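Coordinate-derived values only; no laboratory data. What you are looking at is a predicted structure, and each value in this text was computed from that prediction instead of being measured. Cβ sites come from the backbone with ideal geometry, for glycine too, and all protein chains shown count toward neighbours.
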């Protein structure tokens, strides 16, 4: 996507009609707009989001120029209008948003209607056409979804916030954005179409199409499975809420801890307390791990273990019964009945009701198909022998894990008591007491959330187990009916397609994530050469590691500038990969390249870093638009050199009027 022009009409301090034409040259893809703080840089950045989505971060929600509003007469109207010309997928668009204002008889400014939002495009014949009003929001999502826009239209404050999020493991939204931008959304859309909670998904639609006429229990099982799905979904949503609440509480804890350790008198106690908390967390993790192993061992082997006595008794009884070897190979019930009906055996002996031949043949019917008692018993014996081999070490395994858990309790109580004593001392310290009390409250909240999460996970596991059993029982019933058997076959095909596609997606996502890590590291090392590297896990959480020392590869704390560099490198890396994907042979991984529109992105960097950032930007992005203060702008322009294709200045006349002038 390339941005061509931005037209402002009475938008905030930009009075009248003003035009900015952005550089679209491949070799001069940078537009710099310079001005001091308060001159209108942030307002201009907000004009993009207001035009595209009708949103701004302004406290004052009136978009009309105050200079215009002050001169309006009662009953007079004035309009705010922003137009953005852009090219997306080879089509030229003009995005238009307009808001009318009027003054009532008392001189109060009013908005008589909602904003008008239109999208015009140049048709194949070169004529200008408009997207139908009911389709504008859909078309806007196709051009640039709102949830992705913040990764291309951002300021220094937002980039710092994003950096903290991905460094603290709260990067789910970032991960989803990356997948969309790198062309993986086609995979996820296909997977969701095949299998999701939506009633319109393929597998779900098959679940709802069973014919319950053959057995009313089918409908009952389907209802129960849906209810279990609802419960599982509710738990999943609550777990997501817990993650957010936990992140807020953890941030507050970190903030309070920083304040507490600043007090000299409490510094040693705070350090000792932190060391004990780390030890306590280690004990909690070890206990949780052992508990999980114990439960998993029990769940996997308990059935076989407790059934061994019954299977042994059953096998003993069967060994004493003379019922296993009376079957006649290749003889079926229909054969015997045919001979009885005919009245003569194969050997030509007569078969009459209740004679010896008749009785012998009736006895044979007990052991041949379809009853196949001997075969069924034989299969039962083999199953018992197989299952009796499992669970033999259950008692020993459970005892070992329980011993580990029991030993943890003593150490846990001892460490917890020491922490409590330290906290009591900190509460009584001057200037620390209130902070410590607040910290204790937040830590209690964290413990409560952790307990709630553990309980929900157990509950969810129970529902998942019940669901599997219901599905198995329903399947057994559906296989007895011809129509339902067909549905099971269709479901099996859909499930197979889902599994194959999921394997392909997992492979592509892993390859893409590894390539992203490599690309981002290349950019990050260019900014901070030597000593540090980035590690990206499967959830797109970021660790900054020291890799210059042998045997040391650990997450490290970084400065504000380094933290901002992390997200900056990520955004630059994503944009570079999206741009490179245009040449990808796999059509499912092709993505539209997007521009970078940044408000004061260099304020956290020193002069050396500004130079390296300026060197990277024009290379990774298809188009770069920077709103920047004069001092940083001069440095940026110097380092970008020939890549700058357009230059503007904010000419601030007063608090209410700013004009854009070319340089």
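Counting only Cα atoms, the stretch 268-320 measures 77, 11, 8 Å along its principal axes, largest extent leading. Note on the stretch 16-161: Kirkwood hydrodynamic radius from all Cα pairs is 17.5 Å, rounded to one decimal.
Here is the P(r) of the stretch 399-496: all C-alpha pair distances, binned every 5 Å from 0, give 2, 10, 8, 11, 11, 9, 8, 7, 7, 6, 6, 5, 5, 3, 2, 0 in whole percents. Per-residue packing, averaged as other Cβ atoms within 10 Å, sorts the ranges 283-291, 618-626, 335-343 into the order 618-626, 283-291, 335-343, beginning with the highest.
From the alpha carbon centroid of the stretch 620-663 to that of the stretch 105-134 is 29 Å. Highest-first packing order for the peptide set 63-76, 6-19 is 6-19, 63-76, based on the mean count of other beta carbon atoms within 10 Å. Listed peptides 201-208, 242-249 appear in the order 201-208, 242-249 once ranked by packing, highest mean of other Cβ atoms within 10 Å at the front.
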